[in-house]
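All remarks here apply to the structure that follows.
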Amino acid sequence: MIAWNCKYTPVELLCALGAEPFFWNSAADDFGYAQRVAHGSICCHVQAFLQNCRDKGLREVVLVNCCDSMRSAYGILKNNGDLDFIFLLDLPHKVGGCAQNIFKKELFRLVEEYSKFKNTVFDSDKFKAAFPVTPKLLPQENFIAVAGGRVSDSLLAEISAQLPLPVADLTCAGTRLLGAPTQDIDDFDALMDWYASELLSLTPCMRMHDVSGRKALYNLPGLSGIIYNTVKFCDYYAFEYDALRKETKLPILKIESDYLPVTGGQLSTRLGAFAENAAFAQQAGDKKKGSAGGYVAGIDSGSTTTNMVVLAADGSFIGGVTVRTGPRAAVGANKAFAAVKEQLGIDKEQLDYLVATGYGRNAVLSADQTVTEITCHARGARHQNSDVRTVIDIGGQDSKVIGLADDGSVSNFVMNDKCAAGTGRFLELMATTLEMDVAEMSSVGLGWKDDLTISSICTVFAESEVVSLIADNRTAADIVHGLHKSVALKTAALVGRAGGVPAYMITGGVAHNAGVVQELEKKLREKLIIPDEPELCGALGAALIALDKVK
Amino acid sequence: MKNTVETFGKMIYKLAPEHPGVVRDLLKSVYKFEGTKSRIAPSRPLLPARRYLYNMTANSICRGFGQKGTTALVSIFLPCQVLHAMGIEAVVAEGLSCYLTGAAAADYFIEIAERNGIPETLCSYHRILIGCIEAGVLPRPALILNTTYACDTNQLSFRRIAEYYDIPQYVVDVPDKPTADNLQYVADQLREMTDFIEQHTGKKLDDDTLRQRMLWTQQATQSYRAYLDARATRYIDNCMTSEMMDILATQILLGRRETAKYMSMLAADVARLPEGKRGPRLFWVHVLPNVNGPLRQLLDYTGNVDIVGSDLNTAALLDVDPDKPYQSMARRILESSFNGTIEKRIENSYQYADKLNADGIVYFCHWGCRHTLGGSQYAKTYFEQRGLPTLVLDGDGCDRGRSGDGRAAVRLQAFLEQLEHSTGKDK
């Protein structure tokens, strides 16, 4: 068995040499070994490959020098002595005649080295037989493409399971649609010439010089939406995504994967929002209830607080509550129901329809429906101000920017939920370090004098930077102002990536922080719309969706 | 001085969104002034050659900010002799970003790049370059010319800029081994690149002028090798910036008369110094983070610590044949230690570290450079098995937000203490 991982690998040639090639594209359980022999900031697919080479006991590997991480991995694998055979194929960046000739010479080199290793010779029958009789085809009906950088087998399965249409793998590793030779070519040199040409004619990956052929991928018949993946610490596809999101009319969702086991919450929120808002959305699972109690509600189960909004059946606003979520989302939800009863006098049984949203939405067992916070924030924001085109929600655990189409539906969104920097949690942590509460922090920074910059990107390191500034006798006002600038900078970058346009509404608890709002307004050069109760926006959107169900 | 620079940086940050032209003029004025000051009255004890170099590089950066459509944006390993022969200024990300960061003026450009969708994991030299262009501060170059190595970023940032400004781009595809076929492949592309430049600028290349540029390249290379020979047994009270500026001289400025003069002056300056070492002698792998204040305190003009060389400056010190310019340039590209596998680069670094009598190696993991990062542990093992203590140091060459100031300094200081102890200096 010989492992390969890049579509430009001459798999059929390996078969002709008596090898048993298999496509190795699995996530790793962890990166302990990979980070010991390489570095934690190289491409996560390459880290997984290094890890699996050791953990799964791979003995033979053919790599392609498709990126800097892989070039380094080759050196590591070659020198750690665990493999019986390793080969690094030099793939040209161009595809013309001279480049094809150079690539053909690389195929010859592989034949020479592998034949010597296995003591075999090229078998033309095996070569022909290695091409599939029926080439793999794309779905004939409407489908969703997973595009961009490669996804692990397990992530592709997870995506497929959560989307309402068939999923096709159009990532860099998934578009190996190679046809068999249409005529007999007896001369080996001529055959390899043909083969080199076929390989170089594959849909180009972003590493190739001329990537214009990729445009065809996004105009395939039946393509109904795009899940666009980038692999952590691979920069190639972020560039294509930035262009694609501006050009395509199709629903598009950006995800980032790291070749570790798939964790449910973050991915399902994104996929759920995508499915809810795209044209192919299905209404399965929705149920319509009668109007026994005369109220509907939305409950937003967040990491820090749980918010609930109750509307009357005619749509009038009855009230909203906010409670601390605590360690379990279900407990937070129960506290919210209790608060609604106490403050608004409405019992859970009086709710004709309840929509749950937020990270803990699935823990609200009494909900009639769950909807992602992306959709709910969009709905809630638009309801409060019809001019809003971009919602900026800075929550405790994540921050997100949601673009709204003219009709108020979600046109695009980006989330930052893998890093605390730029979130409410970041400010909470810094407030603790500065020995003040969050509310105090909101106003203290407004009195700054010296314009400090907190330059560390990471929350943990930013905290040590703050400690250094305290030791340096900097005033709290200056430090807080620096922190507010840091949050604003992160958020503005997120707005840019989402292609956000005015009017902007800010929601979530951080909207109460005057310092952050002021700095963000400076960065965006635009006034932010702040709703009366910004933390209730998601719950309000959920309640409005509930209202739709009973009308 | 630090406060002056910071104030200047803040001014640039405030002006850039509305007045990119003013920012451009300000930067040009400051670099012109700094170049002249370095030549006439440097604030530090620079060798005469380095004073000449600082002025030369500052002037080059100023020209990069000159008239729209007069420059060529190039990658660091692209041979520029043809451009020099045709009087076209080469602008390189590493030089431009280094100067912008030196003036504390890069923050806005990083911000613009990230806001425009450039991943924050991309090499910061290129993020600053993209930001500077998309902010309208760097004038539109006439051409983009780049090799496919030393890093993935070349394929991405240059393509993006070419599309952004609709600039003609020529890419030199570089295979990873210096075989005869590959040599011909690259040489043919360099000839084609010359035609491409002529076609898009209307300028004509004179063969004799190119031959002269290759002669100066050869003189400069010989002088730099002579400098390294002398350097092996001598100490310079030095700084990270000098080694960074040498990267421009050993790469894109090769083929200029001034560069040949600088290399010759450098060899002569160092040969005149007394033999002997002072503190730890360091060989540096990859770029030098000369924006990091605490690291500068440990490395710049200490009267003790000595950065004796770096792998970027010793990547391809090959002879060239002025009568075979394209073959010579192609060979330099293909045989560069940065082209190909990580082992080649590390072996080359070891050869020069050994030649320069280094006591230890700092392997700098510049954020975003996956080739360097990926090879870090292999390199450490390789060097240490050969008796050279090695520090793998994470940081960023020019993004102050990622330079990890204090943390990097603790590691480096401990490493210097370790070296001083092992070489008996602390006794």
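At-a-glance table
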| read-out | value |
| --- | --- |
| Partner lysines for B:LYS261 [C-alpha distance under 25 Å; skip if fewer than 8 residues away on the same chain] | B:LYS28, B:LYS32, B:LYS37, B:LYS324, B:LYS355 |
| Heavy-atom accessible surface that B and A bury in contact, both chains counted, 1.4 Å, Å² to 100 | 4600 |
| Protein accessible area in segment A:370-433, 1.4 Å probe - carbon and sulfur % | 44 |
| Shielded by partner chains, segment A:203-225 residues - at least 50 Å² of accessible area, 1.4 Å probe, vs chain alone | A:HIS209 |
| Amide H contacts of A:ILE255 (H built 1.01 Å from N, under 5 Å, at least 5 apart or other chain) | A:TYR228, A:ASN229, A:THR230 |
| Within segment B:2-422, percent of DSSP bridges classed antiparallel, to nearest 5 | 5 |
| Three-way shape label, segment A:2-133, alpha-carbon gyration tensor, a/c 1.5 | prolate |
| Chain B: most fluctuating residue of B:GLY360, B:GLY117, B:GLY375 per GNM, C-alpha cutoff 10 Å | B:GLY117 |
| Span per principal axis, largest first, for the Cα atoms of segment B:332-427 (Å) | 46, 35, 20 |
| Per-residue average of Cβ from other chains inside 10 Å of B:185-191 | 2 |
| Extreme residue, positive dipole direction of chain A, given options A:LEU434, A:ILE530, A:GLY332 (C-beta unit charges) | A:ILE530 |
| For segment B:193-267: accessible area per residue (Å², 1.4 Å) | 36 |
| Per-residue SASA entry for A:ARG54, accessible area with 1.4 Å probe, Å² rounded to 10 | 110 |
| Given charges at beta-carbon only (K, R positive; D, E negative), |dipole| of chain A in Debye | 320 |
| Protection-proxy order for peptides A:369-375, A:324-330, B:210-216, each taking the mean of Cβ atoms within 10 Å per residue, highest first | A:369-375, B:210-216, A:324-330 |
| Within segment B:106-123, backbone nitrogen closer than 17 Å to the virtual label 7 Å beyond the Cα of A:ALA243 toward Cβ | B:116-119 |
| Mean Cβ count within 10 Å, highest first, over the residues of peptides B:42-49, A:480-487, B:246-253, A:2-9 | A:480-487, B:246-253, A:2-9, B:42-49 |
| Within 10 Å of each Cβ in B:361-370, the average number of Cβ atoms from other chains | 3 |
| Segment A:111-162 and segment A:179-215: distance between their alpha carbon centers, rounded to Å | 15 |
| Highest-fluctuation residue, B:TYR108, B:TYR378, B:TYR363 considered, GNM on chain B with Cα pairs under 10 Å | B:TYR378 |
| Three-way shape label, segment B:1-131, alpha-carbon gyration tensor, a/c 1.5 | oblate |
| Crossing angle, helix A:44-55 versus chain A [Cα axis fit, 0-90 degrees, rounded to tens] | 60 |
| Per-residue ³J(HN,Hα) for segment A:528-542, Karplus 6.51 cos²θ - 1.76 cosθ + 1.60, θ = phi - 60°, Hz, x for Gly and Pro | 9, 8, 10, x, 4, 10, x, 6, 8, 4, x, 5, 5, x, 4 |
| Amide hydrogen neighbours beyond the local backbone of B:VAL392, cut-off 5 Å, H modeled | B:TYR363 |
| All lysines inside 24 Å of A:LYS400 as judged from Cα atoms, apart from same-chain residues fewer than 8 positions distant | A:LYS232, A:LYS246, A:LYS249, A:LYS254, A:LYS418, A:LYS485, A:LYS490, A:LYS522, A:LYS523, A:LYS527 |
| Size of electric dipole in the protein assembly as shown: Cβ of Lys, Arg +1 and of Asp, Glu -1, about Cα centre, debye, nearest 20 | 1620 |
| Dipole magnitude (debye, nearest 20) for segment A:2-133, charges at Cβ of Lys, Arg, Asp, Glu | 280 |
| Extension gain (nm, one decimal) between A:LYS118 and A:MET1, 0.36 nm per residue minus Cα-Cα | 40.9 nm |
| Per residue, in Å², the accessible surface of segment A:2-133 once ligands and nucleic acids are set aside, probe 1.4 Å | 35 |
| Extension gain from A:LYS56 to A:LYS527, taking 0.36 nm per residue of separation minus the Cα-Cα distance | 164.0 nm |
| Under the Karplus curve 6.51 cos²θ - 1.76 cosθ + 1.60, θ = phi - 60°, whole-Hz ³J(HN,Hα) for segment A:76-81, x wherever Gly or Pro sits | 5, 5, 5, 9, 7, x |
| Cα-based reach from A:LYS215 at 12 Å (exclusive), listing aspartates and glutamates while leaving out same-chain residues under 8 positions away | A:GLU240, A:GLU247 |
| Lysine pair count for segment A:2-133 [Cα-Cα under 17 Å; pairs on different chains or 8 or more apart] | 7 |
| Amide H partners (placed H, <5 Å) of B:SER310, local residues excluded | B:TRP284 |
| Test item: B:115-124 mean partner chain Cβ contacts at 10 Å | 6 |
| Positive dipole terminus of chain A, leading residue within A:GLN350, A:CYS44, A:LEU13 (C-beta point charges) | A:GLN350 |
| Integer Hz, Karplus 6.51/-1.76/1.60 couplings in order for segment A:474-479, x for Gly and Pro | 6, 6, 4, 4, 5, 5 |
| Rounded if a/c under 1.5, otherwise prolate or oblate - the protein assembly as shown, Cα gyration tensor axes | oblate |
| Percent of beta bridges antiparallel (DSSP, the protein assembly as shown, rounded to nearest 5) | 30 |
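The values are calculated or read from the model by the stated rules, or taken from the named source; none is laboratory data. What you are looking at is a predicted structure, and each value in this text was computed from that prediction instead of being measured. In this analysis, Cβ positions are derived from the backbone assuming ideal geometry, glycine residues included, and neighbour counts consider all displayed protein chains. Surface areas here come from the heavy atoms of the whole protein model, side chains and all, with no ligands, DNA or RNA. Shrake-Rupley method; radii C 1.70, N 1.55, O 1.52, S 1.80 Å.
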